[in-house]
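Taking it in order: structure first as structure tokens, then the write-up.
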Ligand code: NAD
């Protein structure tokens, strides 16, 4: 078999130890890899490279398109860019796949039945880094959810479920509140699910879903969710499975993929030969599936399960309960796995890895353009502490042309007309203008003319949002009350 080129980074802290252990197991198992080692992390940051990635690493990655990465130490202090965020966005790694499995009774856990795969959207949502301070009192962070971004990650979750013999895909959203952004994710989920009749699907509101995931994880199989919920909940499931040292993750894009342990560089135990290499090893197992060496992935995973079952445990999972038989260090653990290559676990469930279908890459629903019509504008003001009614009357006195002031809100709560005098007011106000009536058309020039008048009157406009209809349906949230 031709060797598959991969890029490898040993990282910081425990990184070099667990990477050496992982690569020793891969080599002993006969993985056909052509390894290119690159430097990332603390030393690179300290050389002044803001994203912590040696420039040569980009050349290597553009050639191999597969990255096996050990954890790094992020230097304290400002000015540094998160290497992981850089990788995800630069390489368009839209799906973060995190399997979490209980290895009960060999690894202590409150959830013996857990076998969940979280598929987290990796690029959008509140992680685009678009934040502003708008007034003295108010800061904002933009939550962006795109249709193609949602489609790709949700389709990936269903394809993953199908390829791995999973029965159900669950979606977590908060679309009772975020009707447009999480609503889009939910609708996309329902639409894509219809194309997978062989796989059960369901949706939960994330708060109750999270509570269920934390208490009865056995009722979930594959769970797909927007970035923030996925970030938080994949840590919750990893932690409840027994040890952060046990979970690996894959970051998947159409052209690149990155595999890593979910834990960090654990600097306090670095160099002591006690770190658990399992998280990185299981990430490497996912990598083997990705590069078409699924048989080897099955063999290594089985040997690893047998090692755990035989009670050969690193200190993080070693317990005096009769099931842990031998406390070993990183290197000895790797040797124990190597000695068991070809063996299968007796009680723990082995996994037969199937290749992920290649056609998932680049698959996307045809882009459909909708009829977009300008209906009005939301104008956000930084404005002083006077009562809402005063602002409302002053604003209504300004001629808005074909536009009409509908409502004023403060932090999203309606305060004019007919506001509640008890509402707590900040210095962040929104004026919602809509076309005077259904027949009136609004042009961008009408909005500009209105903004000019507001500025002339001394109002401090901190943001404007055009309000559009798409195929006749409002593309903006309604204001309750
Ligand atoms: P951490 O995951 O490194 O450590 C948390 C705890 O888990 C520590 O007690 C540690 O000893 C233990 N632990 C972690 N991995 C282990 C393993 N394989 N075996 C045994 N015990 C293990 O998290 P942290 O302490 O918050 O972060 C340390 C550094 O890692 C920071 O600089 C952080 O920025 C970085 N970090 C990097 C990544 C990454 O590169 N992907 C991810 C998270 C944190």
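Miscellaneous remarks
- Against the main long axis of the alpha-carbon atoms of the chain, helix 444-456 sits at an angle near 70°.
- Seen through its C-alpha gyration tensor, with square-root eigenvalues sorted a ≥ b ≥ c, region 110-241 comes out oblate because a/c lies at 1.5 or above while a/b is not bigger than b/c.
- Computed over all pairs of different Cα atoms, the Kirkwood value for the hydrodynamic radius of the chain is 25.1 Å.
- Potential lengthening between residue 205 and residue 465 on full extension [0.36 nm per residue; Cα-Cα distance subtracted]: 90.8 nm
- The chain - percent relative contact order, Cα under 8 Å, separation 6 or more: 16
- Rg/Rh (Cα only; Kirkwood hydrodynamic radius) as it applies to region 184-287: 1.03
- Sorted by Cβ neighbour density within 10 Å, fewest at the top, the residues 6, 398, 338: 398, 338, 6
- Projected label points at residue 198 and residue 43, each 7 Å from Cα along the beta carbon direction, are separated by 4.8 nanometres.
- Relative contact order %, region 372-474, counting alpha carbon pairs below 8 Å whose residues are six or more apart: 48
- Globularity index of region 191-252 is 1.23 (Cα radius of gyration / 2.2 N^0.38 Å, N = number of residues).
- Rounded if a/c under 1.5, otherwise prolate or oblate - region 48-142, Cα gyration tensor axes: oblate
- Debye intensity ratio in log₁₀ form over the Cα atoms of region 372-474, taken at each q of 0.13, 0.20, 0.23 Å⁻¹: -0.44, -1.01, -1.27
- Rg and Dmax, both from the Cα atoms of region 275-355 and both in Å, are 12.6, 40.
- Ranked by how many other Cβ atoms sit within 10 Å of their own Cβ, fewest first, the residues 192, 395, 208, 461 fall in the order 208, 461, 395, 192.
- Model label sites at residue 236 and residue 394, defined 7 Å from Cα along the beta-carbon direction, differ in position by 4.5 nm.
- With respect to the chain, whose longest principal axis is taken over its alpha-carbon atoms, helix 294-309 is tilted by about 70°.
- The distance between label points at residue 255 and residue 339 comes to 4.7 nm (points 7 Å beyond Cα on the Cα→Cβ vector).
- Förster radius 56 Å - calculated FRET efficiency between residue 320 and residue 457, Cβ distance, rounded to 0.05: 0.15
Just so you know, all these numbers are worked out from the coordinates, no wet-lab data involved. Keep in mind it's a predicted model, so treat the numbers as computed, not measured. Quick reminder, even Gly has a Cβ in these numbers, built from the backbone with ideal geometry, and neighbours come from all protein chains shown.
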